[in-house]
Every structure is written in C-alpha cells, then in structure tokens.
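Values quoted throughout were computed directly from the atomic coordinates according to the rules given, and no laboratory measurement underlies them. What you see is a predicted model, and the numbers here were worked out from it, not measured in a lab. Positions of Cβ are backbone-derived with ideal geometry, glycine not excepted, and every protein chain shown enters the neighbour counts.
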Amino acid sequence: MAQVTEQQILDALKAVQDPDTGKDVVSAGMVSGLVIKDGNVAFALEVDPQRGPKLEPMRKQAEKTVHAMDGILSVSVVLTAETTPGQTPQPQQMQGGHAGGQSTGHGSGKDMIPGIPGIKHIIAVASGKGGVGKSTVSVNLALALALDGHKVGMMDADIYGPSQPRMMGLSGQPKTNDGETLEPMENYGVKVMSMGFLIPDDTPMIWRGPMVMSAIQQLLRDVNWGELDVLVVDMPPGTGDAQLTMAQQVPLAGAVIVSTPQDISLLDARKGLNMFRKVEVPVLGIIENMSYFACPSCGHRSEIFSHGGARKEADRLGVDFLGEIPLDIEIRETSDGGHPIVVSKPDSENAKVFRQIAERVWAKLEASEAKAMPKILVQ
Ligand code: ADP
C-alpha cells in the first residue's frame, strides 16, 4: 500500500475547523510536528492555552479525519500551547513543534505518544542529584527488560556526563542511512543513542537551556528506533528547569526515581517526585541504590547507611517502592567495564535484584496502558 503523504494529510485536515474563528486548522497554521511512519501518524495542534479544554472536540475531529484515510493505522493528535514570540519560554510553555515536532502527550500506550510511533512506552530514570547510580540502574534495568524478551532502547539524556556508551561497551559513531535519521548503536540486544557518540570525550560542552531541549529532541526523534516495547531514558540528574522541561516534552509513560539511603530525609528524591507530578507523569516508584553493603568475601550484609529510608519514604509519599540494590563492587566493576551485571552474570543475586525491579516496572507499564486515557496538557 502506498505510504500516505504529508500533503494528503494536510488536505484532509482542511475539513477541520477551529470552532471560534471558523478557519480550518491548516490555514490557521495550527498543525505542527507532523510525523508519518508506516501508517502511524502523529501531530500537534497549537492552540491558545486558555482555549485548550474547549478545543477537545476539534482535536478529536482531527484525529477521526486522518484515521478515516486509506492506509492509516493509528493517529495521535495533541493540543499544545504555543510560545508567544518575545516571551521568555517557561517550561510549561515550551511546547509546540519547533524542534523536530515535539509536543506533549503524556500517558502510556502507543497511540498516546505523539511523534514517535512504534515506541510503546517511554520511561524516565531520574534522580534528585548526581552520583546516586542513576545510569547504572538505567543500563541494568534496560538490559533486564531485554532479557525478559522485550524490545528495548535506551536514550542517554544525561548530556552533561553521558556514561551509557562506556557502560554498554559501545564506541564509534552512529551511522545514517538517509542523511536525516541516525541509526542507534546496539549491544546486548539493546539499542542506544547518546550524546557521548556524537561529541568527543574531551570536548567540554556548555549547555544552555534551549540547546538542551533541542539536543534531547534530536536524540529522541531523529533516531531510527524502529519498533520498541520500551525506551528507557537516562535523565540528567537534578530537578532544575531543564529537567522539568524535559519531563514535560518527552512523552513519558512513567518515571522511576533512584535514591540512596544516605540522604535520609530523601529531600532530593522528593523534589524529583514533585517535578513529575507537576507535569502529570506517573511515578512508577522509587529504587534505593547502594542500599546495603554485601561483603564480597563472606556475603554478610551491612546496613551502613541506615538502609530502608527510601522504602519508608515511598510509603509516606504514597509511591511504590520498586526494590533495593546493594552496594557491591561487582555492580560497579561490571557496569563501568562495559559488561553490566545483568548480562555478565544474569543469574547472580545482584542481577536478580535488577531483574525483579524490571518485572515490577513492566507490570506497572502494562497496567497503566490498560487505563490510559487521552489527556490535554495545555495549561
Ligand atoms: P549517576 O548516573 O547517578 O551519576 P552512576 O550510575 O554513574 O551515577 O554511578 C556512579 C558510580 O557509582 C559509578 O562508578 C557506578 O559504577 C557506581 N555504582 C552505582 N551503583 C552502584 C552499586 N549499587 N554498587 C556499587 N557501585 C555502584
């Protein structure tokens, strides 16, 4: 069947009118970020934030119109708020199809992820601060999901210190077949894209806000991910504006927060949680990393950092506790050496901890997909 073209979709959309102005959505310049892939179509309709809720019928009509066309398998349309020229973009306002068609559209389920048809779930692995093992957890979680038979990709959004290439034992540069999209690198059955592949190790980069967003959008959207069950996004550490904007602009099905027990009050973890709540991304749960010390010679378990804080805090905050990972030299050596524990010793106790966490995460994703409903995120 011939692939439907952008022009054919725009022609069809001329039948959809803005109820307030009577103008069609194409002439009014509202359509942005149109992406077509194998019969899956996604785009955004840029609207005035105040009118968002009222325009849901228009959004639905646009979806129905495209769906009725020949050769269309799925359509997802989201309403996004436009940034008024000259206005300093606030995180909540940096929506719209300006950088490769980004738009907001949280929620799980293939049809809910605008711009990246073919990816079923995108999850973020986040932490309130650096050095808590967020990247180690991302990598082992992605590998454990792949070991369970899922099609997995991993995006290293930690552009300040990309560590995925090293942890995944990958080097070199990604190729492009069409001059536009990059082919992800691959190892241990997981597809990976990282800024670490694109800039040399010794290049100090100073990232400014808008650059962060466009880099992340490119890593996400200008990559030929193919069909994925889950894309694990290793977030930049912290909870600043860049992270908030990112949490909002990447169509996340959920987030996992990594914390260590040293931070007894888990203030940082709480900030992470609030950040995702603010942008309506469901928090799938908290993971306590470096939870206790497992002695490599005698196997004795020492709880040197008042272990258990994250579990209690998760309870208090009403979030699920996904598991505790020991502080173990084996975990460090294997991931830093490019052979993460989940693939180098899949039957070890340490690998089992990650595999159980992966199972819990997957079950939650499937459960949330079942009840996902379209949402308008215009504020
Ligand atoms: P982040 O991404 O939060 O900055 P990393 O994943 O890069 O943190 O981890 C920081 C360092 O701690 C790395 O050297 C990593 O191998 C090590 N590390 C992480 N988790 C553990 C663990 N559970 N046991 C031992 N070392 C760990």
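Details
- Order of Asp347, Asp320 under a 10 Å beta carbon neighbour criterion, fewest first: Asp347, Asp320
- Set of aspartates and glutamates with alpha-carbon distance to Lys312 below 13 Å, sequence-local pairs under 8 removed: Asp263, Glu288, Asp320, Glu324
- Unit charges at the beta carbon, dipole of the range 1-50: most positive-side option, Val35, Val16, Thr5: Thr5
- With the biggest extent put first, the Cα atoms of the range 6-88 measure 39, 26, 21 Å across the principal axes.
- Considering only the range 119-372, percent of DSSP beta bridges that pair antiparallel, nearest 5: 15
- For the range 277-348, the Rg and Dmax computed from alpha carbons only, in angstrom: 14.8, 46
- Charge dipole (Cα centre; +1 on Lys/Arg Cβ, -1 on Asp/Glu Cβ; no other charges) of the range 119-372 amounts to roughly 580 debye.
- Within the range 6-88, percent of DSSP bridges classed antiparallel, to nearest 5: 45
- Net charge of the neighbourhood of Gln218, taken over other residues with C-beta under 13 Å away and scored Lys/Arg +1, Asp/Glu -1, is -2.
- Cα→Cβ-extended label distance, 7 Å offset, between Asp222 and Asp315, nm: 4.9
- Ignoring lysines fewer than eight residues from Lys54 along the same chain, the ones with Cα atoms less than 21 angstrom from its Cα are Lys14, Lys23, Lys64, Lys375.
- Neighbour counting of Cβ atoms within 10 Å sorts the residues Thr334, Thr5, fewest neighbours leading, into Thr5, Thr334.
- Charge tally in the Cβ shell below 10 Å around Val233, where Lys, Arg are +1 and Asp, Glu are -1, Val233 excluded: -3
- Charging the Cβ of each Asp and Glu at -1 and of each Lys and Arg at +1, and nothing else, the dipole of the range 291-371 about its Cα centre rounds to 200 debye.
- Under the simplified labelling scheme, the Ser348-Ser214 pair shows an inter-label distance of 4.3 nm, with each label point 7 Å from Cα along Cα→Cβ.
- In the range 119-372, the alpha-carbon atoms span a convex hull of 122 Å³ per residue.
- Kirkwood Rh in Å, taken over all unlike Cα pairs in the range 143-183: 12.3
- Glu359 versus Lys175: modelled label distance in nm, points set 7 Å from Cα along the beta carbon direction: 3.9
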